[in-house]
1. When residues of region 149-180 are filtered for being in contact with a Lys or Arg (Cβ under 7 Å, 6 or more places away or on another chain) and either under 13 Å from G288 (Cα atoms) or at pLDDT 95 or above (or both), how many remain?
2. Do you know which residues across region 199-232 are touching a strand residue (DSSP E or B) at 6+ places or on another chain (Cβ under 7 Å) and not aliphatic (A, V, I, L, M)?
3. Could you please tell me which pairs satisfy a Cβ distance under 7 Å, a separation of 6+ or placement on different chains, a first residue in region 170-195 that is at positive phi, and a second residue that is modelled with pLDDT of 95 or more?
4. Considering only residues that are under 19 Å from L18 (Cα atoms) and either charged (D, E, K, R) or surrounded by 15 or more Cβ atoms within 10 Å (Cβ to Cβ) (or both), look in region 322-333 and name the one that is modelled with the lowest pLDDT.
5. Scan the strands (runs of 3 or more DSSP E) fully inside region 1-84 and keep the ones with 1 or more residues being more than 27 Å from L324 (Cα to Cα).
6. Please go through region 251-262 and pick out each residue that is buried (at least 22 other Cβ atoms within 10 Å of the Cβ), at pLDDT 95 or above and among the hydrophobic types (A, V, I, L, M, F, W, C).
7. Does any residue of region 248-267 turn out to be outside any loop (DSSP other than H, G, I, E, B), outside the structural domain of L100 (by TED's automatic domain parsing), out of contact with any strand residue (DSSP E or B) (no Cβ under 8 Å at 6 or more places or on another chain) and polar (S, T, N, Q)?
8. Provide a single number: the residues in region 122-166 that are over 17 Å from the mean Cα position of the chain (by Cα), in a loop (DSSP other than H, G, I, E, B) and either surrounded by fewer than 23 Cβ atoms within 10 Å (Cβ to Cβ) or not assigned by TED's automatic domain parsing to the domain that holds G176 (or both).
Amino acid sequence: MENRMRRWEIDAIGREKLELRSVSIPSPGPREVLVKVAAVALNHRDKMVIESGRGLPLAFPFTPGSDLAGEVVALGQGVTRFVEGDRVISTFTPDWIDGLRPGDARTPAYRTLGGHYPGVLADYVAMSEEWFVAAPKTLDSAQAATLPCAGLTAWFALVERARVQAGDTVLIPSTGGVALFGLQIAKANGAEVIVSGKAGNAERAKALGADHYVDSEREDWVEAIYRLTGNRGADHILEVIGGRHLGKSVQLAAVGGHICQIGALDGFEVSAPAMPLMLKDVTIHGIGTGSRRALTRLVRAVDQTGIRPVIDSHYSFADLPAALDHLDKGPFGKVVIDVCPA
């Protein structure tokens, strides 16, 4: 194994600060594994961390990115969870193994890869064995890399919190990475799915199983969803936009419905009308990805149900800036960096 590798780093906040550098390949310490990275899936959050820091305690030089798929190529002393040659994916929130998320009322925990912890946009990473799970057997590396954040967020929201079941109606007001996972997960659980978004994405969403598609740019999509549901509304809503958009979700929620607040594309300050929220007995779930155990359950479900992540585009490792530009355009599905160690 050569002793040098490539790694993306920033020394200060700003996309213009990104540099692709040659550094030494790390050696795994006790209970750590060295993983040869095959693919990294980008999230909107990665772009926000690079551009604004999001108020996180970044230690410079800082490597962004959180979602990898790769192969274990070396073991530190005392490793028991993996052997060399195992295919693995990262966990977005490494300290959250199971149960409730760490943290307390004063200080909610946000200790994530590519945020609090260094990220994974590198040829190799050496990290605790506890920070990985076995990759799905039915997915290639690019597909598997999309699970740790987007896939797990949709799974944790719909299955482990909202408890979607056959016969429910699920509303998904987007065609991004989390949204398309939500579409497939809801269908795998027997739900009827309504997707709203740009007109150009209608056929692709229906090909993935959407029962209805509403063009949110050309019609009053709130009224359209009332009509589609006979005024009943949606049992579950993946609120991936946030901000004032939460108010639309409250309007569209069925009596006893569940809203999974996930995204912040419209801002971190959310607002909604109180009367329908109260009178319809709506439950709002705050979703911040999910635990490692939930990720293992998602992996099992992927292998059993044939869920296939939607990848909008692939970029080479050196083309990270172009991939971030692509994120700005609102891709249909995930943007993946194919990492090929030099």
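The values are calculated or read from the model by the stated rules, or taken from the named source; none is laboratory data. It should be emphasised that the depicted structure is a prediction, and the values quoted were computed from it without experimental measurement. Counting neighbours? That spans all protein chains shown, and the Cβs are built from the backbone with ideal geometry, glycine included.
1. 1
2. At the first step, the residues of region 199-232 found to be touching a strand residue (DSSP E or B) at 6+ places or on another chain (Cβ under 7 Å) are 199, 202, 205-206, 209-214, 216, 221, 224-225, 228-229, 232.
Residues satisfying the conditions are K206, G209, D211, H212, Y213, S216, W221, T229, R232.
3. Hits for this filter: G190/Q165; G190/A166; G190/G167.
4. Filtering region 322-333 for residues that are under 19 Å from L18 (Cα atoms) and either charged (D, E, K, R) or surrounded by 15 or more Cβ atoms within 10 Å (Cβ to Cβ) (or both), the one modelled with the lowest pLDDT comes out as D328.
5. Working: elements: 4-9, 19-24, 32-42, 67-75.
Correct list: 32-42, 67-75.
6. L252, A253, I259, C260
7. Yes, that holds for at least one residue.
8. Selection size over region 122-166: 7.
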